[in-house]
Amino acid sequence: MYTLDDLLNALWSDYAAMTPQAARIHNLMSSRGERIVNDHIAMRTYGDSRLGLDVLAASFERHGYVARDNYEFTAKKLRARHFEHPDPSRPKVFISELKLEEFSDGLQSIVAGLLEQIGPDIAAHPDLPVAGRLWAPVRYDVYETLLAESEYAGWVAAHGLRANHFTVSLNALTGFTTLAELNVFLTENGFRLNAAAGEIKGTPDQFLEQSSTLADIVTVDFADGPREIPGCYCEFAKRYVLPDGTLFQGFVAKSADRIFESTDRN
Ligand code: NI
């Protein structure tokens with residue numbers, strides 16, 4: 001029996017193995033007496049019936065996760081949905097998918113070539129969210145062709161299905177009150193932050209502020225040899241109390257847009 005703990009542990013192990021900064025940040029926090037609470041796990045995929053948002057969602061829904069809000073990222077050509085578990089100690093899950101139909105014929109045909117390599121019963125695999133790349137490696141120039149239109153398209157081609165980031169809940173930290181303080185601490189400890197449109201995305205008015213590191217650089221095997229490219233990153237979220245007294249649990253597409261740039265080449 002593959003449990004939710006199995007799935008979440010597999011996602012973390014895979015992510016931590018390719019994101020050394022994640023363990024370094026967690027260790028740094030632990031050494032200050034902090035206990036890390038994970039706000040959400042984010043995943044990326046292609047909008048396709050074989051492994052799109054709905055297919056990935058099913059892997060979480062069978063463990064009790066429930067779909068909440070939908071989001072549109074117009075400029076990045078993404079749609080997304082977030083999921084919550086009845087047990088509030090479980091992380092939220094944020095799944096986005098690339099709206100392939102809005103891209104060039106060239107990009108669509110490259111991605112179609114990847115998708116047609118996927119086996120027929122893939123949706124039934126309990127560990128689909130951590131399956132990695134379900135296709136043979138592309139050539140590096142093909143990856144770059146994808147990047148030219150969509151950094152996201154290139155990321156999924158290279159890395160496949162896995163957690164794109166885990167998110168430290170600032171609300172659960174005792175030694176930091178604001179993201180700005182946390183960002184200073186991270187910078188002083190040598191971490192590079194995503195500064196696209198400012199280090200902090202979102203405002204208290206939107207009930208959610210987030211910041212993130214730049215992705216760790218990882219070695220990926222392409223069809224024509226290994227190359228170093230951006231992998232996964234760490235995110236930090238501060239949530240605010242809504243007028244009804246509950247903590248906001250959603251996401252804000254308008255302000256989260258630039259967070260996706262944490263995996264851009266810098
Ligand atoms: Ni996120």
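The values are calculated or read from the model by the stated rules, or taken from the named source; none is laboratory data. Values in this document were obtained by computation on a predicted structure and should not be read as measured data. Glycine also receives a Cβ, built like all others from the backbone with ideal geometry; neighbour counts cover every protein chain displayed. Areas reflect the complete protein model, heavy atoms only, side chains present, ligands, DNA and RNA absent. Shrake-Rupley method; radii C 1.70, N 1.55, O 1.52, S 1.80 Å.
Give segment 234-248 a look and list any residue that's closer than 21 Å to TRP12 by Cα and without any contact (Cβ under 8 Å) to a residue 24 or more places away in the chain, or say none. Those that are closer than 21 Å to TRP12 by Cα and without any contact (Cβ under 8 Å) to a residue 24 or more places away in the chain: none in segment 234-248.
Here is a yes/no grid of residues against (1) of a type in the set (S, T, N, Q); (2) part of a loop (DSSP other than H, G, I, E, B):
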residue: THR177; (1), (2): yes, yes
residue: ALA180; (1), (2): no, no
residue: PHE185; (1), (2): no, no
residue: ALA196; (1), (2): no, yes
residue: ALA215; (1), (2): no, yes
residue: VAL220; (1), (2): no, no
residue: GLU235; (1), (2): no, no
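Summed over segment 79-121, the residues that are surrounded by 12 or more Cβ atoms within 10 Å (Cβ to Cβ), closer than 13 Å to SER49 by Cα and charged (D, E, K, R) give a count of 2.
Among the residues of segment 1-59, those that are polar (S, T, N, Q) and either within 16 Å of the ligand (Cβ to nearest atom) or surrounded by 15 or more Cβ atoms within 10 Å (Cβ to Cβ) (or both) comprise THR19, GLN21, ASN38, THR45, SER59. Residues that are farther than 24 Å from GLY175 by Cβ and open to solvent by less than 20 Å² (accessible area, probe 1.4 Å) were ranked within segment 226-250; the one that is farthest from the ligand (Cβ to nearest atom) is ILE229.
Scanning segment 225-262 for residues that are modelled with pLDDT under 95, acidic (Asp, Glu) and touching a Phe, Trp or Tyr at 6+ places or on another chain (Cβ under 8 Å) yields a count of 1. Of all residues in segment 160-179, those that are farther than 30 Å from GLY113 by Cα and aliphatic (A, V, I, L, M) have Cβ atoms under 7 Å from Cβ atoms of residues that are open to solvent by 40 Å² or more (accessible area, probe 1.4 Å) and more than 16 Å from the ligand (Cβ to nearest atom), 6 or more apart or on another chain, in ALA172/ARG35.
Say whether the condition of being closer than 25 Å to GLY132 by Cβ, away from the ligand (no atom under 16 Å from the Cβ), in contact (Cβ under 8 Å) with a residue 12 or more places away in the chain and touching an Asp or Glu at 6+ places or on another chain (Cβ under 7 Å) is met by at least one residue in segment 209-217. Yes, there is a match, as at least one residue in segment 209-217 is closer than 25 Å to GLY132 by Cβ, away from the ligand (no atom under 16 Å from the Cβ), in contact (Cβ under 8 Å) with a residue 12 or more places away in the chain and touching an Asp or Glu at 6+ places or on another chain (Cβ under 7 Å). Within segment 187-197, if we keep just the residues that are under 15 Å from GLU235 (Cα atoms) and away from the ligand (no atom under 16 Å from the Cβ), the residue that is most open to solvent (accessible area, probe 1.4 Å) turns out to be ARG192.
Please verify whether SER262 is buried (at least 18 other Cβ atoms within 10 Å of the Cβ) and in contact (Cβ under 8 Å) with a residue 60 or more places away in the chain, treating the condition exactly as stated. The answer is yes for SER262.
Do we find a residue being more than 17 Å from GLY64 (Cβ to Cβ), without any contact (Cβ under 8 Å) to a residue 60 or more places away in the chain and touching a Leu at 6+ places or on another chain (Cβ under 8 Å) anywhere in segment 7-18? No, every residue in segment 7-18 fails to be more than 17 Å from GLY64 (Cβ to Cβ), without any contact (Cβ under 8 Å) to a residue 60 or more places away in the chain and touching a Leu at 6+ places or on another chain (Cβ under 8 Å).
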